[in-house]
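Remarks on the structure that follows.
The values are calculated or read from the model by the stated rules, or taken from the named source; none is laboratory data. Every value quoted in this text rests on a predicted model; they were computed, and no experiment measured them. Glycine gets a Cβ as well: all are built from the backbone with ideal geometry, and neighbour counts include every protein chain shown.
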Amino acid sequence: MSRWRRSVDEMGVRRQQDECERAQSALSRTTSCFQQLVASLGSSADGSFLRDEMDETRGLAHRLCCGLSKRLVRLLSHCDSDPPGVEDRQVSERLWVLFLSAVENFLSDLHKACDLIGRFPLRQRNDRRSLVNTGCTDGVVGVAARVALVQAPWVTLEEQPSPDLTNHIAGLEALLTELQLRVPVAFWEVEATQPAWVEGHGDPDDPDVTLEELMEVEVVSNKMAACCQPACCVLGRVG
Amino acid sequence: MTIRNPLRDHGQRYRPRIACLKKLQRHTVGEDIITWLVDRFQMDTQEARSFGSMLVALGYIYPLQDHKRLVIKPDASLYRFQTPYFWPTQQWPVEDTDYAIYLAKRNIRKKGILELHEQEHYNRLHKWMNHKWDFIVMQAKEQYRAAKERKKPDRVVFDCQERAYWVVHRPPPGTVSAMDYGLDRLIDPNADEAKTPDFYARIMIFTQQSIMRPRVKSSVSIGALVKYCATYNSHDPFLSKCLPSNPWLTDDVTYWTLNMPYVEIPTKMRVERWTFSFAELLSDPRGRNDFRLFLKKEFSGENLAFWEGCEDLKWGEAATMREKAEHIYKTFLARGAPRWINIDGKTMEITVKGLKHPHRYVLDAAQTHIYMLMKKDSYGRYQKSPVFKETVKKAICPEEHHFTDAQLEQNSKKRRPSLSPIILRQMEQEQRAKMAANVDITQVMSKLSKQGKEAPPPPCPPPKK
């Protein structure tokens, strides 16, 4: 009877862990897209569309974080109460460490976003003159579309109003400290599941291998456009 | 950092003026930037060039060609403005996590072919951030895919921006970046200190010690300072020229090779410094060797050997201290010792008494006595001796270098790290072993002949190999 009970519990735990893993990858995707958007703040690609997309992405990330933190706390406290399998505990701890790292990373991007929006407020048309011409024109539409495709089990279910930027930052900081205090997890005991350098061998269907050459080609073509005389140009190893 | 504050106030307003000029182009040209700086800030070309290079070294502008050299070239080289996300103005912390994600992204893109310093960083970060490595790889993959969603020209621009950011904050070997300021200090020395009882206790001790210090007339101390400045003026590499050339300016290390600690033929400037004071002579290893040679010819090498033994005791390891002290006593101080030194009775008494419970500074009195003896007596004779005159004759005076700009660039590319301190320490130990093997016992023989009818001293120990 108890063995049957334990296997049911294990399956439940496994299901929760899978849900958390999917949410974690969704959070990664959202924060990466957010970083692409923040990197364009203050540049010539900045605009109201960018900032709206940023707010939406931020809201999505907020929902993901809240849901994920609740589920992870539940998972880890569940591990504490019942005598758990060692592997289950390890997987849960690993998810915990990954989540906290993701939140820290996202928080630093939020700080930068807050600062840059303060520095380049686009309230009037004249403010556009203060933007820096970095060579980017536009092109965050694709990123926005990618964000829209992000799914997580509870995102549509639990509709919460997304907070504004400063409150979001304060809330995340409070969440981080609270989580670190509440659940004692030894960070250093978590090990990576894949060895080093493995990610370089993946993605065979990648047509864009030669980005470095692209950068070089762009430099050459620009140079030809800029200077008429064929000056002695040693391009050097790009990258 | 004062250079940042003006930029924070002014740079942001002024930089976009350039941007307005080149609104439709994706880049700007080096000489245009310099011309604009000369116009806007009313400075001359040289200063504009330095200021422009500072902007590049800080990361506000980045070069498109030769991206590892953070300077501004006054020709048609292309530059771009960095996006505010990657500016150093706000002094956001540059996290190792972000660098690890960047390296993982580069690994994905270049399929494992990273540069040597990047590989080293990657391995180190993989070891120290192992617990969040899964997050780093996942985030790298997601960022890579997110970047692919942008239009190709913008994607290239973003990659250039990111690469330029990391060249500034994790400079490859050979790159001079303005953000390379070393380790962060735990305490900010400019911050106000809390007024605790400890703080006041420290002030009290400091004041008491200041009162107790012996005083000297300001005319005397100022005279000493003036004399020091006059003597060392031509030897200071900042105030006068450094022959053949200052390595920090020209990236040519001849100066350092010619002035290695145990070089065969010293430079003329170095030999001149030995005449300034006895301390200078002793502190320079090559000078000390020369002095030792002179003393050997005079059969009074035991003074210097004793002094060196005392230094070794003072600065050496605590574990071997007792044996060292005993060895020195047996070799130099005991009655009938093989290399007996001549110190007055009172000092000898104090030293022998102290040696019953030896500590690091037990031989201090004797060492000072011998030092003064050498300084007053042997030093003067050394400067008039044929050994010294020979050294002065052989000393070299290298010709000054005159590098062109192209040669300077070549030099900067050939920069290599200097000898590791481990190797230097090994060389020093080899030297010391050689010295110990060549202990001269000739002065023992001369003493024997002097002592004549007295009982012969016990047989001296053979020189250790």
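Overview of values
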quantity	calculated
Selection from the range B:73-97 of residues that are more than 9 Å from chain A (Cβ to nearest Cβ), under 14 Å from B:Gln161 (Cα atoms) and part of a loop (DSSP other than H, G, I, E, B)	B:Pro88
Restricting the range B:142-157 to residues that are at the interface with chain A (Cβ under 7 Å from one of its Cβ atoms) and in contact (Cβ under 8 Å) with a residue 24 or more places away in the chain, the residue that is nearest to A:Asn105 (Cα to Cα)	B:Gln143
Residue among B:Glu142, B:Glu162 that alone is assigned to a helix (DSSP H, G or I), at pLDDT 90 or above and surrounded by fewer than 22 Cβ atoms within 10 Å (Cβ to Cβ)	B:Glu162
Residue selected from the range A:153-191 under the condition at pLDDT 80 or above and in a loop (DSSP other than H, G, I, E, B), by the criterion nearest to A:Leu95 (Cα to Cα)	A:Val190
Unmet requirement for B:Leu183, which otherwise passes all of (1) out of contact with any strand residue (DSSP E or B) (no Cβ under 9 Å at 6 or more places or on another chain); (2) crowded, with 19+ Cβ neighbours inside 10 Å; (3) more than 8 Å from chain A (Cβ to nearest Cβ)	(2)
Residue pairs meeting the criteria (Cβ under 9 Å; at least 6 apart or on separate chains; first acidic (Asp, Glu), in the range B:341-359; second at pLDDT 90 or above and surrounded by 11 or more Cβ atoms within 10 Å (Cβ to Cβ))	B:Asp344/B:His369
Cβ-Cβ under 6 Å pairs, at least 6 apart or on other chains, the range B:177-198 side touching a residue at least 24 places away in the same chain (Cβ under 8 Å), far side surrounded by 10 or more Cβ atoms within 10 Å (Cβ to Cβ) and part of a loop (DSSP other than H, G, I, E, B)	B:Ser177/B:Leu70; B:Ser177/B:Pro171
Scope the range B:25-56; condition without any contact (Cβ under 8 Å) to a residue 24 or more places away in the chain, within 20 Å of B:Ala164 (Cα to Cα) and among the small types (Gly, Ala, Ser); matching residues	B:Ser50, B:Gly52, B:Ser53
Odd one out for B:Met374, checked against (1) in contact (Cβ under 8 Å) with a residue 60 or more places away in the chain; (2) surrounded by fewer than 18 Cβ atoms within 10 Å (Cβ to Cβ)	(2)
Unique match (being surrounded by 15 or more Cβ atoms within 10 Å (Cβ to Cβ) and within 21 Å of A:Val190 (Cα to Cα)) among A:Leu107, A:Leu76	A:Leu76
Matching residues in the range B:339-371 - criterion: being surrounded by fewer than 18 Cβ atoms within 10 Å (Cβ to Cβ) and among the charged types (D, E, K, R)	B:Asp344, B:Lys346, B:Glu349, B:Lys353, B:Lys356, B:Arg360, B:Asp364
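Results for (1) facing chain A (nearest Cβ under 10 Å); (2) closer than 29 Å to A:Leu41 by Cβ; (3) in a helix (DSSP H, G or I); (4) of a type in the set (Gly, Ala, Ser), shown as yes or no for each residue.
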residue	(1), (2), (3), (4)
B:Ile33	no, yes, yes, no
B:Leu37	no, yes, yes, no
B:Gln46	no, no, yes, no
B:Ser50	no, no, yes, yes
B:Ala57	no, yes, yes, yes
B:Asp66	yes, yes, no, no
B:Val71	no, yes, no, no
B:Tyr99	no, yes, yes, no
B:Lys105	yes, yes, yes, no
